[in-house]
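Right, I'll just put the structure down here and ask away after.
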Amino acid sequence: MNELLNVNEVSISFRQYVQGLKQKNLEVITDLSLDVREGEIVAILGSSGSGKSLLAHSILGILPENANQQGKIIYKGQLLDEELKDKLRGDEIALIPQSVNFLDPLMKISDQVIGDCSEEEYPQKKKKQEELFKQYNLDKDVEDMYPFQLSGGMARRVLVSTALMNNPKLVIADEPTPGLDEKAVAETLKHLKQMAENGVGVLLITHDINAALEVANRIAIFYAGYVIEIALTSDFKEDGENLLHPYTKALFKALPENGFELTEGHQPLHGDIPEGCPYFSRCPNSLAKCEHERPHLINLGDKKVRCFQYEKEEL
């Protein structure tokens, strides 16, 4: 599969005022690196507040004005700068937002899905909208409805249809399953699989490990604003012996089907991350240098891990 997106050592911080006019930078994402290939689903898995959605906002060019970003994002071999983000956003790069509140309550559904277009473009856009509604089991009468008339599952399918209107190459699904019943979750994940089967690269941002395991090819584990491991989904099978990072192993063991073993401590807050490894205080295998040195993300091919234990294995 061809590489579609490459996020290379991206860090995102925010300027904040403290004690009057004094400013400080709060770093929320640090040295984030991952890639997405055509026809692949890569899940970003992390707890709430770990910085997952900020990556989506960065790729789309919708970070707030007080944000400062470093590092590079490459899309199809080109530097994804602000000009290119503006050009591709909503077309080649599309978002499935986490909230149905993204739908305008005062606009009919068909008008929202089709969006702004010229009279010459309208017939083709209308045909595409009708095809998508048929594909996602939305009746024709949905076109003239308003968002308040839709069920939760229907609204999700409308958001998926909107994202696919311009035949995107990369779809970012930002927490698409919270609040949905089991049937709606299964339906949403099926839609993501269909996109990947059609050659679309999908970046799934979620804190639902079961959703990630259901559809993803690879899973990037977020911890305190860091990617600490990129694992193959198959590594989470059986006893998880192929998982690398102690946090990922602890996450695996905490699943109900794996014994529900809990680890003491908690994820450090942004601004309180230690100077060394962010997982140092909770790690059962820490080395002396882990307290004061921060490991980089070690490349092991399809897999990556941020841990000194694997330095000698780096490719």
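Would you say residue 50 is at pLDDT below 90 and in contact with a Gly (Cβ under 7 Å, 6 or more places away or on another chain)?
Spelling it out, residue 50 is indeed at pLDDT below 90 and in contact with a Gly (Cβ under 7 Å, 6 or more places away or on another chain).
On the basis of being surrounded by 15 or more Cβ atoms within 10 Å (Cβ to Cβ), assigned by the TED database to the domain that holds residue 38 and either among the charged types (D, E, K, R) or more than 25 Å from residue 60 (Cβ to Cβ) (or both), does residue 174 make the cut?
Values: surrounded by 15 or more Cβ atoms within 10 Å (Cβ to Cβ): yes; assigned by the TED database to the domain that holds residue 38: yes; either among the charged types (D, E, K, R) or more than 25 Å from residue 60 (Cβ to Cβ) (or both): yes.
So residue 174 passes the test.
Could you tell me whether region 30-44 includes any residue that is exposed (fewer than 15 other Cβ atoms within 10 Å of the Cβ) and not assigned by the TED database to the domain that holds residue 146?
There is no residue in region 30-44 that is exposed (fewer than 15 other Cβ atoms within 10 Å of the Cβ) and not assigned by the TED database to the domain that holds residue 146.
Are any of the residues in region 12-20 modelled with pLDDT of 95 or more, assigned by the TED database to the domain that holds residue 178, surrounded by 12 or more Cβ atoms within 10 Å (Cβ to Cβ) and of a type in the set (Gly, Ala, Ser)?
Checked against the condition, which is being modelled with pLDDT of 95 or more, assigned by the TED database to the domain that holds residue 178, surrounded by 12 or more Cβ atoms within 10 Å (Cβ to Cβ) and of a type in the set (Gly, Ala, Ser), region 12-20 yields no hits at all.
Condition first: assigned to a loop (DSSP other than H, G, I, E, B) and surrounded by 12 or more Cβ atoms within 10 Å (Cβ to Cβ). Now tell me which residues in region 286-301 satisfy that.
Restricting attention to region 286-301, the residues satisfying the condition of being assigned to a loop (DSSP other than H, G, I, E, B) are 286-287, 292-297, 301.
Residues satisfying the conditions are 286, 287, 293, 294, 295, 296, 297.
Also: Might you check whether a residue that is modelled with pLDDT of 90 or more and of a type in the set (A, V, I, L, M, F, W, C) occurs anywhere in region 269-276?
Checking region 269-276: not a single residue is modelled with pLDDT of 90 or more and of a type in the set (A, V, I, L, M, F, W, C).
Still on this structure, I have one more. I'd like to know if region 133-151 contains one or more residues that are buried (at least 16 other Cβ atoms within 10 Å of the Cβ), of a type in the set (A, V, I, L, M) and within 26 Å of residue 210 (Cα to Cα).
Residues of region 133-151 that are buried (at least 16 other Cβ atoms within 10 Å of the Cβ), as a first pass: 133, 136, 138, 142-143, 145, 147, 150.
Of the ones still in play, those that are also of a type in the set (A, V, I, L, M) are 138, 142, 145, 150.
With within 26 Å of residue 210 (Cα to Cα) added as a condition, the list becomes none.
Within region 133-151, not a single residue is buried (at least 16 other Cβ atoms within 10 Å of the Cβ), of a type in the set (A, V, I, L, M) and within 26 Å of residue 210 (Cα to Cα).
Right, next: Could you please give the count of residues in region 71-94 that are assigned to a strand (DSSP E or B) and out of contact with any Lys or Arg (no Cβ under 8 Å at 6 or more places or on another chain)?
Residues that pass the stated criteria total 8.
Another question, if that's okay. Which of (1) touching a strand residue (DSSP E or B) at 6+ places or on another chain (Cβ under 8 Å); (2) modelled with pLDDT under 95; (3) closer than 18 Å to residue 205 by Cα; (4) outside any strand (DSSP E or B) does residue 1 not meet, given it meets every other one?
All conditions are met except number (3).
Also, quick follow-up: Six or more apart or on different chains, Cβ atoms under 9 Å: show the pairs whose first residue is in region 76-97 and on the phi > 0 side of the Ramachandran plot and whose second is polar (S, T, N, Q) and loosely packed, with under 12 Cβ neighbours inside 10 Å.
Matching pairs, first to second residue: 76/2.
Determine which single condition residue 68 fails, assuming it passes every other condition in (1) modelled with pLDDT of 90 or more; (2) assigned to a strand (DSSP E or B); (3) under 19 Å from the mean Cα position of the chain (by Cα).
(3)
Also, quick follow-up: Please verify whether residue 104 is charged (D, E, K, R), part of a loop (DSSP other than H, G, I, E, B) and touching a residue at least 12 places away in the same chain (Cβ under 8 Å), treating the condition exactly as stated.
yes
Does residue 110 satisfy the criteria of being among the hydroxyl-bearing types (Ser, Thr, Tyr) and not in a loop (DSSP other than H, G, I, E, B)?
Spelling it out, residue 110 is indeed among the hydroxyl-bearing types (Ser, Thr, Tyr) and not in a loop (DSSP other than H, G, I, E, B).
Here is a follow-up. Report yes if residue 241 is over 17 Å from residue 225 (Cβ atoms) and at pLDDT 90 or above, otherwise no.
Details: over 17 Å from residue 225 (Cβ atoms): yes; at pLDDT 90 or above: yes.
Yes: the conditions hold for residue 241.
The values are calculated or read from the model by the stated rules, or taken from the named source; none is laboratory data. Keep in mind it's a predicted model, so treat the numbers as computed, not measured. FYI the Cβ positions are ideal-geometry reconstructions off the backbone, even for glycines, and counts take in every protein chain you see.
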